[in-house]
Amino acid sequence: MNEKVKNYTVSEVIDSFGVNKFTWKVFFFLGFAMVFDGYDYMIVSYTMPQIKAEWALSAVQTGSLSSWSLFGLIIGGAIAGILSDKFGRKKTLTFSIGTYALLTIPIYFAPSFPFFAVFRVLAGVGLGACIPVVTTIFSESTPTNRRALFITFGMAWMIVGWVAAGLVATAVVPVFGWRLCYLIGGIPFLYACFLFFKMHETAYWFANKGRNREALEILAHIEKTATGKVTERDPNLLVVPPKPKIVGPRALFTKDYRKITAGVWITYFCGCFTVYGINAWLPSLMLEKGFELSSAYGLAIAQNGAAVIANCSTGFVAEIIGRRKNLIMSYFISAGAVALVAFAPTNFAILLFTNIFMGFAINYAITAVQPLMAEGYPTEFRNTGVSWCQAFGRLGGALAPIVAGAVIGLGLGFTMSFLFYIIPCVIGAIAGYLFVTRETKGKSLDQLAEEQSKISA
């Protein structure tokens, strides 16, 4: 059907199709990318006891096993945001997946702790692009009224990867040892090749680069997939919000954006500190508490299983009560959940229940930040904003296992090893209240950009 259209935006066109076959295609494409991301990080936690024993590592060295990839993530995330905004989401994502997959394989041959550390940092550089680019693609490929839902559901795929890591470790480590788990971590390279040929660039990115015809080709593909028809649209009638005067990393700290930057950076740092710190040491702490390997793994898997439900739930709630209220509430609940685990007796059933609740709460909180990252910045530097926030958050994630290792090394006991995680939860809640003041619920990306341009004028 050929039908002339008046002035229009990318948001209006995408919103007109609602959730459709293309939306779900993107969901599964990006979802599997996040599964591999989650596996690559979490497999370290499940192999930590065996690596510690083989190389006779101290508590701090053991904690750092989970940190090395996160240090790489900080570097990779910061670089990837700039590359994604400059060269496109698709190229950056596929390159990063292929890179971290290839650099995970050498861990199978690791002769020592330093070798392990170097290659985890290098793999982390590639890994650092995944979450921020996926978050950005979700925000640019889904209708406005379902944007938060798909962003948070997308993060749930990463938790599936965490669970997969636990299942693989449970099956592989007792029989073949810990090294095979990292050889399996090379499989995502094949998926990167698949995505390169099957995934499309976003229409937002093309439009904001002035490449209107290519943007329309993407919109036509979406419409064809969704309805089986294609509407003829004039590229000259495509309306793009006014470009910001400053772009790139410097834009994040201008007066127009420094408040939202402070809000999402601090809350995400606190969330990463809590989630990554607890996940890194949970299997080891449960072993020290007297549980068998299968029970320790089981508690960690159960916690991560609850995280999948949490990531899916937070999007629904955010679409109802708004992003800001959802964020603040989630961090206060997390503090209470951590306290329950800290004071739980050495009873498997009680620890199972409290771990499930804690896994739900802390992952609900960290996921509540995700929509705000993408919605807080215009297309010109959206992925820079998302990736730099992710990088700063991962710094918290990198520091947490080391700090936890230091606390455990003091011999303060199981309770104190958990109690200090209440502090970042409370700080996250306060930061959300003070700095996240603009509600983005129900507003398209083009509308948000237009509103910001008026404020800045």
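The values are calculated or read from the model by the stated rules, or taken from the named source; none is laboratory data. Worth saying up front: this structure is predicted, and the values here are computed from it rather than measured. Here Cβ is always computed from backbone atoms with ideal geometry, including for glycine, and neighbour counts include all displayed protein chains.
Quick check on this structure: which one of Lys259, Lys289 is surrounded by fewer than 19 Cβ atoms within 10 Å (Cβ to Cβ) and farther than 17 Å from Asn355 by Cα?
Within the list Lys259, Lys289, the selection yields Lys259.
Show the residue pairs meeting these rules: Cβ distance below 8 Å; 6+ apart or different chains; first residue within the range 417-433 and closer than 15 Å to Ile366 by Cα; second residue charged (D, E, K, R) and surrounded by fewer than 24 Cβ atoms within 10 Å (Cβ to Cβ).
Partner pairs satisfying both residue conditions: Gly432/Arg324.
Six or more apart or on different chains, Cβ atoms under 7 Å: show the pairs whose first residue is in the range 264-280 and over 7 Å from Ala400 (Cβ atoms) and whose second is among the charged types (D, E, K, R) and assigned to a helix (DSSP H, G or I).
Close Cβ pairs satisfying both conditions: Cys272/Arg394.
Those residues that are under 14 Å from the mean Cα position of the chain (by Cα) and either modelled with pLDDT of 90 or more or of a type in the set (S, T, N, Q) (or both), I need them from the range 117-132; list them, please.
If the condition is that a residue be under 14 Å from the mean Cα position of the chain (by Cα) and either modelled with pLDDT of 90 or more or of a type in the set (S, T, N, Q) (or both), then no residue fits.
Kindly provide the set of residues from the range 250-293 that are of a type in the set (Asp, Glu) and part of a helix (DSSP H, G or I), ordered by number.
Passing the criteria: only Glu288.
Go over the candidates Ser141, Ser96 one by one and state the one that is within 30 Å of Glu12 (Cβ to Cβ) and either modelled with pLDDT of 90 or more or small (Gly, Ala, Ser) (or both).
When all the criteria are applied, what remains is Ser141.
Looking only at residues in the range 407-446 that are out of contact with any helix residue (DSSP H, G or I) (no Cβ under 6 Å at 6 or more places or on another chain) and farther than 24 Å from Trp265 by Cβ, which one is surrounded by the most Cβ atoms within 10 Å (Cβ to Cβ)?
Filtering the range 407-446 for residues that are out of contact with any helix residue (DSSP H, G or I) (no Cβ under 6 Å at 6 or more places or on another chain) and farther than 24 Å from Trp265 by Cβ, the one surrounded by the most Cβ atoms within 10 Å (Cβ to Cβ) comes out as Phe414.
Among the residues of the range 32-39, is any farther than 30 Å from Pro111 by Cα and either more than 27 Å from the chain's Cα centre (by Cα) or surrounded by fewer than 19 Cβ atoms within 10 Å (Cβ to Cβ) (or both)?
Looking through the range 32-39, at least one residue is farther than 30 Å from Pro111 by Cα and either more than 27 Å from the chain's Cα centre (by Cα) or surrounded by fewer than 19 Cβ atoms within 10 Å (Cβ to Cβ) (or both).
Could you identify the single residue in Val230, Val175, Val247 that is farther than 28 Å from Gly31 by Cβ and not in a helix (DSSP H, G or I)?
Only one candidate qualifies: Val247.
What tally of residues in the range 100-118 results from selecting those that are crowded, with 22+ Cβ neighbours inside 10 Å and free of Cβ contacts under 8 Å to residues at least 60 places away in the same chain?
Residues that pass the stated criteria total 1.
Could you pull out every one of the helices (runs of 4 or more DSSP H) wholly within the range 294-381 that has 2 or more residues that are farther than 24 Å from Leu149 by Cα and either in contact with a helix residue (DSSP H, G or I) (Cβ under 7 Å, 6 or more places away or on another chain) or free of Cβ contacts under 8 Å to residues at least 40 places away in the same chain (or both)?
In the range 294-381, the matching helices (runs of 4 or more DSSP H) lie at 323-342, 348-368.
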